[in-house]
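> So that we are looking at the same thing, I have put the structure below in structure tokens.
The values are calculated or read from the model by the stated rules, or taken from the named source; none is laboratory data. Please read all numbers here as calculations on a predicted model, not as lab measurements. Counting neighbours? That spans all protein chains shown, and the Cβs are built from the backbone with ideal geometry, glycine included. Note: areas computed on protein heavy atoms with side chains; ligands, DNA, RNA excluded. Shrake-Rupley method; radii C 1.70, N 1.55, O 1.52, S 1.80 Å.
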Amino acid sequence: MSAQVISRPLASLKTVTVPEPDNLTEFVSNKLAAIKLGKALFWDMQVGSDGVTACASCHFHAGADNRSKNQIAPGLLQINSDRTANPDTVFNVGGAPNYQLKPEDFPFHQLSNPNDKSTVISDRNDVVSSQGIFNSEFVDVIPGKAEDRVKSIPDPVFNVGGTNVRRVEPRNTPTVINSVFNFRNFWDGRAQEIFNGVNEFGLRDPNASVVKATTPSHLEFVKVSLNHSSLASQAVGPPLSSFEMSADGRTFEEIGDKFGTIDKKTHSAGKGKKLPRKLAKKLLPLRPLGKQIVDPQDSVLATESRSPQPGLQTATYNQLIAQAFKPEWWKSNRIIRVNPDGSRTFANKPDRSLETKEYTLMEYNFPLFFGLAVQMYESTLISDDTPLDRFLEGDKTALNEKQQSGKLLFEGKAQCTVCHNGAELSVASVSAVQQQRIGIINVPNLKVLFDNGFFNIGVRPTLEDPGVGSNDPFGNPLSETQLALLGTFKQLLGSEPNTTVGSNDLLVIDGGFKTPGLRNVALTAPYFHSGGYLTLRQVVDFYNRRGDFPQGALGDIKLTDDEKDHLVAFLEALTDERVKYEKAPFDHPQLFVPNGHPGDFTSVANDGKGKATDSFLEISAIGKNGGTGSPNFLATQ
């Protein structure tokens with residue numbers, strides 16, 4: 001057997017150039033203004049349909065989520081062997097939503113002997129993830145008001161005694177810190193490396209286009225393509241997801257919502273209704289961060305702070321966009337009208353308020369601004385000052401003896417660097433995937449191919465969640481290797497594959513998930529795409545027994561207990577103290593996050609509209625000098 005793999009030694013993250021679109025300056029006129037806009041949009045609770053849920057609501061603790069009540073989803077992504085949906089709606093842990101997780105619930109796959117995968121005591125296929133919004137149907141926005149008009153819909157899955165509770169995402173929340181180095185984003189890689197200015201699907205969406213004002217009075221539709229922009233692709237997904245931030249049907253653009261409502265017959269997540277973009281109409285007139293205090297020492301927004309009053313000095317998002325982006329993308333005296341048949345026409349701006357399906361240029365191109373601005377902010381969230389980084393830069397005192405022993409195990413016997421290599425500690429990074437986009441393993445008379453950076457390591461049975469083996473909304477495989485087999489790689493991804501893929505090759509795709517980088521891993525429990533593991537020791541035990549389900553992707557490493565302790569000590573040396581204590585650039589505005597519902601998994605209070613009342617956790621505004629940090633998930637490590 002031989003693997004055509006590029007071996008990349010560990011290195012300081014400071015040695016890696018931060019990926020950026022080649023053509024960014026065609027759109028952005030002021031990078032600092034764009035970062036300011038992105039930070040405001042990322043942390044703003046007004047973005048969500050409920051006027052409560054921000055992007056940061058799931059990424060406020062080391063870029064991830066440390067909430068532990070109402071954070072369980074059943075196996076909604078499960079499929080049959082014929083690939084038809086077969087969602088499991090039973091809550092195995094706790095028995096119902098709004099359960100308060102406990103340390104003794106973990107791991108969800110429990111063994112009497114952690115070194116022997118055959119000694120199973122119990123097995124639960126639930127997922128620990130992040131609560132989003134209530135099941136509801138979008139009615140309309142009210143310009144200048146943070147809350148959308150929505151209609152509550154009974155939720156067949158996420159309810160306690162018939163009262164809706166907040167829905168929970170079907171995969172664990174990954175950190176956004178260092179995510180700029182990922183070639184693709186989301187666990188299944190659906191956020192494409194090329195951003196189309198509209199949604200997460202890049203060149204896969206043949207109809208994605210924005211509008212450009214070649215002069216203020218002349219508009220034309222154009223297709224845009226920004227490389228190194230999977231973060232922008234990722235950013236425009238959650239505000240439209242009816243699991244995460246939006247009532248069903250509220251879209252930037254007329255494309256079905258990726259998750260949509262839970263289908264009443266199959267209980268599966270299907271597409272949402274098609275409605276024109278509305279978020280911009282609501283958000284643009286609002287004061288940025290209008291519900292939240294910004295610390296006067298904020299590393300990005302200090303000059304904009306109105307503390308102790310909430311919000312920014314700049315009165316509207318319109319102004320922030322105008323400061324950051326070139327005028328040909330937002331300035332025009334013409335409007336875009338969406339007709340009943342879905343077609344678009346340009347018209348002069350009328351002498352009246354715009355109707356529901358009439359959009360200014362700034363409103364119409366809002367997903368372009370949202371995606372790029374959030375990407376530019378997240379591109380500043382780089383934790384390159386860990387003890388490991390300092391050690392690799394020459395400070396041999398940065399790691400103690402135990403951690404250095406763990407580093408040698410990480411690079412050697414434990415085989416961690418097969419997947420977690422290079423400065424980014426991941427083969428799913430831009431620099432690794434650009435060298436080899438389709439991974440190749442040669443065995444006698446057989447070529448084994450896979451999406452580089454996406455592996456099935458046996459966390460859960462493959463049919464519970466096919467991961468990168470799923471399809472996009474247009475019916476194309478998410479797997480780039482499968483696209484090469486079908487002959488659509490260049491059409492849908494914009495470049496040629498690095499190898500030919502034939503019908504006799506073995507494609508290892510299903511159940512593959514993106515390899516995360518490992519910096520700050522001690523802060524980001526629970527672990528894996530399922531969130532079913534609580535501690536780093538549990539994770540090391542998992543690898544030592546070659547996974548929990550027979551996928552064959554992991555090597556036999558046979559670590560002793562002392563070696564496991566040393567490996568965990570090394571993983572703990574991947575924490576950047578700036579992240580732990582929320583120092584710049586990891587400081588942030590105030591945030592109120594939904595934290596389950598008063599009551600428990602047997603009873604909740606109804607707000608009179610079919611929804612449970614919320615509990616909230618206040619995340620205080622923190623300036624550039626940081627604070628005391630916040631407890632990890634269930635106080636691990």
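> Can you compute the helix-only [θ] at 222 nm over the chain? Use -39500 (n - 2.57) per DSSP H run of at least 4 residues, normalise by all residues, nearest 500 deg cm²/dmol. Present the calculation step by step, with values, prior to reporting the outcome.
On the way: 14 runs with 109 residues, N = 637.
Estimated from H runs of four or more residues: -4500 deg cm²/dmol.
> Please state, as a whole number in µm²/s, the translational diffusion coefficient that the Stokes-Einstein equation yields for region 393-517 at 37 °C and 0.692 mPa s, with Rh defined as the Kirkwood radius across alpha carbon pairs. Mind dumping the intermediate values first?
Details: Rh = 16.3 Å.
In µm²/s, the coefficient is 202.
> Just the ratio, please: alpha-carbon radius of gyration of region 277-376 over 2.2 N^0.38 Å, N its number of residues. Walk me through the numbers before you get to the answer.
Values: Rg = 15.6 Å, N = 100, 2.2 N^0.38 = 12.7 Å.
In units of the 2.2 N^0.38 Å rule of thumb, it is 1.24.
> Okay, next question. Restricting attention to region 572-637, which trypsin sites (Lys or Arg not before Pro) occupy a DSSP loop and are surrounded by at most 15 other Cβ atoms within 10 Å? Intermediate values should be presented prior to the final figure.
Values: sites: Arg578, Lys580, Lys583, Lys609, Lys611, Lys624; in loops: Lys583, Lys609, Lys624.
When the trypsin sites (Lys or Arg not before Pro) of region 572-637 are filtered for loop state and at most 15 Cβ neighbours within 10 Å, Lys609 remain.
> When only alpha-carbon atoms are used, what values of Rg and Dmax, in angstrom, describe region 75-136?
According to the Cα coordinates of region 75-136, Rg and Dmax are 14.4, 45 Å.
> Also, quick follow-up: Considering only DSSP beta bridges whose two residues both sit in the chain, what percent are antiparallel, to the nearest 5?
Details: 52 of 58 bridges.
That works out to approximately 90 percent antiparallel.
> If you don't mind, another one. So what is the orientation-averaged projected area of region 1-140, using the convex hull of its C-alpha atoms, in nm²?
Values: hull surface 65.7 nm².
Over every viewing direction, the Cα hull of region 1-140 projects on average to 16.4 nm².
> Along Cα→Cβ, 7 Å out, is where each label goes; now give me the distance between the ones at Asp22 and Lys490 in nm to one decimal.
Going from the Asp22 label point to the Lys490 one covers 1.6 nm.
> Still on this model: If you keep only loop residues by DSSP, which trypsin sites (Lys or Arg not before Pro) in region 522-559 have at most 15 other Cβ atoms within 10 Å of their Cβ?
Counting only loop positions with at most 15 other Cβ atoms within 10 Å, the trypsin sites (Lys or Arg not before Pro) in region 522-559 are Lys558.
> Leaving out ligands and nucleic acids, and using a 1.4 Å probe, what accessible area per residue does region 551-637 come to in Å²?
Details: 3970 Å² over 87 residues.
Per residue, region 551-637 has an accessible area of 46 Å².
> Give me the net charge for the shell around Ile121: Cβ to Cβ below 15 angstrom, other residues only, Lys and Arg +1, Asp and Glu -1. Numbers along the way, then the final one.
Numbers: positive: Lys117, Arg124, Arg545; negative: Glu104, Asp105, Asp116, Asp123, Asp541, Asp548.
Counting the neighbours of Ile121, the net charge comes to -3.
> Solvent-accessible area per residue for region 126-212 at a 1.4 Å probe radius, Å²?
Working: 2270 Å² over 87 residues.
Here the residues of region 126-212 average 26 Å² of exposed surface.
> Here is a further query. Once you keep just the Cα pairs under 8 angstrom separated by 6 or more residues, what percentage relative contact order results for region 349-460? Could you put the intermediate results ahead of the total?
Details: 49 pairs, mean separation 12.3, N = 112.
Result for region 349-460 is 11 percent.
> Using only the alpha-carbon atoms, what does region 167-230 span along each of its principal axes? Please give whole angstrom values in decreasing order.
Result, largest extent first: 46, 28, 20 Å.
> May I pose another question? Going by average Cβ neighbours within 10 Å, how do the peptides 60-68, 331-339 rank, with the highest at the top?
Working: 60-68: 23.3, 331-339: 17.3.
Descending packing order for the listed peptides: 60-68, 331-339.
> Any idea what the relative contact order of region 494-570 is, in percent, if you count C-alpha pairs under 8 Å spaced at least 6 apart?
Value for region 494-570: 17 percent.
> Further question: Do any of Lys36/Lys580; Lys407/Lys624; Lys447/Lys564; Lys36/Lys349; Lys282/Lys514; Lys39/Lys349 go past 25 Å between their Cα atoms, and which?
Details: Lys36/Lys580 22 Å; Lys407/Lys624 31 Å; Lys447/Lys564 34 Å; Lys36/Lys349 30 Å; Lys282/Lys514 34 Å; Lys39/Lys349 31 Å.
Over 25 Å Cα-Cα: Lys407/Lys624; Lys447/Lys564; Lys36/Lys349; Lys282/Lys514; Lys39/Lys349.
> Another question about this same structure. Quantify, in whole percent, the carbon and sulfur part of the accessible surface of the chain (1.4 Å probe; protein heavy atoms only).
Working: 12070 of 23620 Å².
Answer for the chain is 51 percent, counting heavy atoms of protein chains only.
> Separation between the Phe616 and Ser118 pseudo-spin-labels, each 7 Å from Cα along Cα→Cβ, expressed in nm?
Result: 5.5 nm between the two label points.
> A follow-up question, please. Mean separation of Cα pairs under 8 Å and 6+ residues apart, divided by the residue count of region 454-520: what relative contact order is that in percent?
Working: 74 pairs, mean separation 31.7, N = 67.
Computed value for region 454-520: 47 percent relative contact order.
> Follow-up. Out of region 103-188, which trypsin sites (Lys or Arg not before Pro) are coil in DSSP terms and have no more than 15 other C-beta atoms within 10 Å? Intermediate results must be reported in sequence, preceding the final value.
On the way: sites: Lys117, Arg124, Lys145, Arg149, Lys151, Arg166, Arg167, Arg171, Arg184; in loops: Lys117, Arg124, Lys145, Arg166, Arg167, Arg171, Arg184.
Of the trypsin sites (Lys or Arg not before Pro), the ones in loops of region 103-188 whose Cβ has at most 15 other Cβ atoms within 10 Å are Lys145.
> Would you kindly give the portion of the calculated P(r) for region 485-591 that falls above 23 Å, as a percent of all Cα pairs? Mind showing how you got there, number by number?
On the way: 2905 of 5671 pairs.
For region 485-591, the fraction of Cα-Cα distances above 23 Å is 51 percent.
> Using only the Cα atoms of region 326-370, each taken as one equal point scatterer with no solvent, compute I(q) by the Debye sum, divide by I(0), and report log10 of the ratio at q = 0.28 Å⁻¹.
-1.08
> Something else: With just the Cα atoms defining each centre, how far is region 360-414 from region 114-148? Give it in Å.
Comparing the Cα centres of region 360-414 and region 114-148, I get a distance of 26 Å.
> Once both axes come from the Cα atoms, what is the angle between helix 31-43 and the longest principal axis of the chain, in degrees from 0 to 90, rounded to 10?
Once rounded, the angle reads 80 degrees.
> Among residues other than Gln297 whose Cβ falls under 13 Å from its Cβ, what is the net charge (Lys/Arg +1, Asp/Glu -1)? Provide the component values of the computation, followed by the final result.
Working: positive: Lys583, Lys624; negative: Asp295, Asp298, Glu304, Glu582, Asp587.
After counting each charged neighbour, the total is -3.
> Let me ask something else about it. When the expected Rg is taken as 2.2 N^0.38 Å, what fraction or multiple of it is the alpha-carbon Rg of the chain? Let's see the in-between values first.
Numbers: Rg = 23.7 Å, N = 637, 2.2 N^0.38 = 25.6 Å.
For the chain, the normalised Cα radius of gyration is 0.93.
> With unit charges on the beta carbon (Lys/Arg positive, Asp/Glu negative), name the residue among Met45, Ser130, Ala33 whose Cα is farthest towards the positive pole of the charge dipole of region 1-148.
So the residue we want is Ala33.
> If you don't mind, there's one more thing I want to ask. How high is the FRET efficiency from Asn625 to Val418, r the C-beta distance, R0 51 Å, rounded to 0.05?
Working: r = 40 Å, r/R0 = 0.78.
Efficiency at R0 = 51 Å is approximately 0.80.
> For region 460-517, state the average projected area of the convex hull of the C-alpha atoms over all orientations, rounded to one decimal in nm². Present the calculation step by step, with values, prior to reporting the outcome.
Working: hull surface 20.7 nm².
Mean projected area of the Cα convex hull: 5.2 nm².
> When N is the residue count of region 503-561, what does its C-alpha Rg come to as a fraction of 2.2 N^0.38 Å? Please list the in-between numbers first.
Details: Rg = 13.7 Å, N = 59, 2.2 N^0.38 = 10.4 Å.
Ratio of Cα Rg to 2.2 N^0.38 Å: 1.32.
> OK, next. So how much slack lies between Glu401 and Val443, counting 0.36 nm per residue of separation and subtracting their Cα-Cα distance, in nm?
That works out to 11.2 nm of additional length.
> Based on a Kirkwood Rh over C-alpha pairs, give the Stokes-Einstein translational diffusion coefficient of region 491-537 at 25 °C and viscosity 0.890 mPa s in µm²/s. Before the final figure, lay out each step's value.
Details: Rh = 14.5 Å.
Rounded, D is 170 µm²/s.
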